[in-house]
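The values are calculated or read from the model by the stated rules, or taken from the named source; none is laboratory data. Remember, predicted model here, so these are calculated numbers, not experimental data. All Cβ positions, glycine included, derive from the backbone under ideal geometry; neighbour counts span all protein chains shown. Side chains are part of the model used for accessible areas, which takes the heavy atoms of the whole protein and leaves out ligands, DNA and RNA. Shrake-Rupley method; radii C 1.70, N 1.55, O 1.52, S 1.80 Å.
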Amino acid sequence: MGFGGIPIQRVSESEAVEIILYSLEKGMDFIDTSRMYTTSETRIGKALKETDKRVAVATKSFARSADGIRRDVETSLKELQRDSIDLYQCHGISSQEEYRMITSPGGAMYGLLKAKEQGLIGHIGITSHSLDLLDKVLDDGLFETIMVCLSFLEPAAKDRILPKAREKNVGVIAMKPFSGGVIEAPEIALKWVLSFPDVLVIAGVEYKELIDQNWNAFLGEYAMSEAEELKMKEISGKFDKNFCRRCDYCQPCPSEIPIQFVLGLRSMVKRAGTALLETPMGKNMLEKAVNCTECGDCMDRCPYGLPIPDMIKDNLTWMNES
């Protein structure tokens, strides 16, 4: 089990440093963050300067070019206060077009290969919400790790991705074990995802009691009781028709709305704070979301039958009221 670096943006710097150090005392030795997570890298860097524990550090970048990701690597090294970063990932690759962009000459992957040759990073990974894309990534064999959504609300990767990753000897990092905070039964959620061998689970938290809760689940038994199985089915049934699985089958949107991100706004703000909405990415999402024409193309493509235009409106209303 690793430490996810999103929620520590919501607390003070001293609290963030304290919770990072507490997680390391419990036994965690892997920390994941991103250039996108505002103050997260800086706070992790300050915490790591206060301990001599061996910690594997991973971060990631939305840059798609070699030059752009090189700049981000250098910034990450400065913010994390490290001479090298154990794992650097191409963040949020959502389409075949983006994948071609980062793997073509001059793309981000080549910037990371150069950084690896120079000893600035140890390994190269990729993160995506698209199982179709990750399936191709595994076939191509260009990346050493993948990061994929894995929870009992989003279980598809267990059959489509995990077996092939093991076969290809590619490391798997499971993100969103609570489906972005939607699952409010953390012990059950962790039991489910931790039961898969050779998978590193990252859970982002910002309070000591949550660290204790997650670590106890990690150390415990993963077999479900009958009551837990029933609770899991109850939660799955509740969200079956109103939860975005981030598969991107709804794309492309005629209005260029990044649908999965807009539908995930509530959980993203819950984890990262309202500062996310002031970032260029956050502003762009909201500006495009208001242009929804309710054409229905996305609903025609959605394999889960979600009422996507209504969900977009609900999220925009929630944001305005908040």
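Spread over its residues, the convex hull of the C-alpha atoms of the chain is 132 Å³ per residue. In the distance distribution for the range 1-76, Cα-Cα pairs more than 16 Å apart total 47 percent. Each Lys and Arg Cβ is given +1 and each Asp and Glu Cβ -1; about its Cα centre, the range 132-272 then shows a dipole of about 300 debye. Considering only Cα-Cα distances, which of the following residue pairs are longer than 31 Å: K49/K116; K164/K208; K164/K270; K158/K238? Long pairs (Cα-Cα over 31 Å): K164/K208; K164/K270. Binning the C-alpha pair distances of the range 91-163 at 10 Å intervals from 0 yields a P(r) profile of 18, 51, 25, 6, 0 %, listed from the shortest bin outward. Across the range 1-146, the relative contact order, built from alpha-carbon pairs under 8 Å that are at least six residues apart, equals 19 percent.
Over all pairs of different C-alpha atoms, the range 40-139 has a mean inverse distance whose reciprocal, the Kirkwood radius, equals 13.9 Å. Computed from backbone phi with θ = phi - 60° and the Karplus coefficients 6.51, -1.76 and 1.60, the 3J(HN,Hα) list for the range 15-22 is 5, 4, 4, 4, 6, 5, 5, 5 Hz; x is used for glycine and proline. Using the Karplus relation 6.51 cos²θ - 1.76 cosθ + 1.60 with θ = phi - 60°, the per-residue 3J(HN,Hα) values for the range 106-112 come to x, x, 4, 4, 5, x, 6 Hz, with x marking Gly and Pro. Whole-Hz Karplus values for the range 167-179 come out as 4, 8, 6, 9, x, 10, 10, 8, 9, 6, x, 9, 6 Hz, taken residue by residue from phi with 6.51 cos²θ - 1.76 cosθ + 1.60 and θ = phi - 60°; glycine and proline positions read x.
Computed over the chain, relative contact order equals 15 percent, with contacts defined as Cα pairs under 8 Å that lie 6+ residues apart.
Rolling a 1.4 Å probe over the protein chains gives D297 an accessible area of about 60 Å². Protein heavy-atom surface of the chain, 1.4 angstrom probe: 49% of the accessible area is carbon and sulfur, with nucleic acids and ligands not counted. Its Cα gyration tensor gives the range 239-295 an equivalent ellipsoid. The semi-axes, each the square root of 5 times an eigenvalue, are 19, 16, 9 Å from largest down.
Cβ screening of the chain for cysteine pairs under 4.7 Å finds these without a partner: C90, C149, C244, C247, C253, C292, C295, C302.
Using C-alpha pairs under 8 Å with a sequence gap of at least 6, the mean separation divided by the residue count of the range 231-315 gives a relative contact order of 40 percent. Please compute the per residue accessible area over the chain with all protein chains in place, 1.4 Å probe, rounded to a whole number of Å². Normalised by residue count, the accessible surface of the chain is 45 Å².
Using the empirical formula 2.2 N^0.38 Å as the baseline, the Cα radius of gyration of the range 141-200 reaches a ratio of 1.11.
Extent along the principal axes, Cα only, for the range 169-311: 49, 33, 32 Å, with the longest axis given first. Using Cβ point charges alone (K and R +1, D and E -1), the dipole size of the chain about the Cα centre works out to roughly 440 debye.
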